[in-house]
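Worksheet: the structure to be examined is printed underneath.
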Amino acid sequence: MRRQTAHRPRGLPPGSEPWLADELRRIAAKLAADRGMEVAISGAAAGADLLWAEAARDVDVPVWLYQPYRGHDGRWQQDWRDRLTSARGYAARVDTLGTELSVRVLHARNDWMIRDCDAIVAVVDPDRRSGGTWQALQRIPATMPLIRVDVRGRRTTLREPAPAAAR
């Protein structure tokens, strides 16, 4: 299984969304073809989470949506709400963790996704050192492969799992 965590639309650098959508589609295709990716897990949030879900769908990888709570899209722009509705329709699994907004639920959702995957695809802005994505990155075990998609520098890097001696 694979998973992605990332930025919301307002947190993406201007003009980066088309590049990011293409890059996530490229990564999803490569993981499916070269690494046998069976499932793509998405946090079901506007921005990179839904772009990841769409990329996986485009390369015929089943999508699991992990929503933090019911109605989490209530204040989104309509186009992102429509994209979430579409994702719910094509997702092989849709789970919801909580019943209302809380920081605890958002962090628990991220932990839930990390727990259920064997590699991470993380969309990051290296200029940001706070927020849910940054905090989730601090909890990813060194034994797990991490594909970092730098949305500001428009480059992707791979952190291989730590060697057995370092575990």
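One line per residue, one yes/no per condition, for (1) of a type in the set (Asp, Glu); (2) part of a helix (DSSP H, G or I); (3) within 17 Å of Ile114 (Cα to Cα); (4) touching a helix residue (DSSP H, G or I) at 6+ places or on another chain (Cβ under 6 Å):
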residue	(1), (2), (3), (4)
Asp22	yes, yes, no, no
Ala29	no, yes, no, no
His72	no, no, no, no
Leu97	no, no, yes, yes
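Considering the range 119-167 alone, what residues qualify as being more than 17 Å from the chain's Cα centre (by Cα), among the hydrophobic types (A, V, I, L, M, F, W, C) and part of a loop (DSSP other than H, G, I, E, B)? Ala142, Ala162, listed by residue number. Residue check: Tyr69 meets all listed conditions (1) in contact (Cβ under 8 Å) with a residue 40 or more places away in the chain; (2) touching an Asp or Glu at 6+ places or on another chain (Cβ under 6 Å) but one, namely (1). Filtering the range 16-33 to residues that are at pLDDT below 95 and over 15 Å from the mean Cα position of the chain (by Cα) leaves only Ser16. Being part of a helix (DSSP H, G or I), more than 15 Å from the chain's Cα centre (by Cα) and either surrounded by fewer than 21 Cβ atoms within 10 Å (Cβ to Cβ) or touching a residue at least 12 places away in the same chain (Cβ under 8 Å) (or both) is not true of Pro13.
The sole residue among Ala119, Ala91, Ala56, Ala108 that is touching a Pro at 6+ places or on another chain (Cβ under 6 Å) and open to solvent by less than 60 Å² (accessible area, probe 1.4 Å) is Ala119.
The values are calculated or read from the model by the stated rules, or taken from the named source; none is laboratory data. Note that this is a predicted model, so its numbers are computed, not measured. Glycine also receives a Cβ, built like all others from the backbone with ideal geometry; neighbour counts cover every protein chain displayed. Ligands, DNA and RNA are stripped out before the accessible areas are found, and what is left, the full protein with its side chains, is counted by its heavy atoms. Shrake-Rupley method; radii C 1.70, N 1.55, O 1.52, S 1.80 Å.
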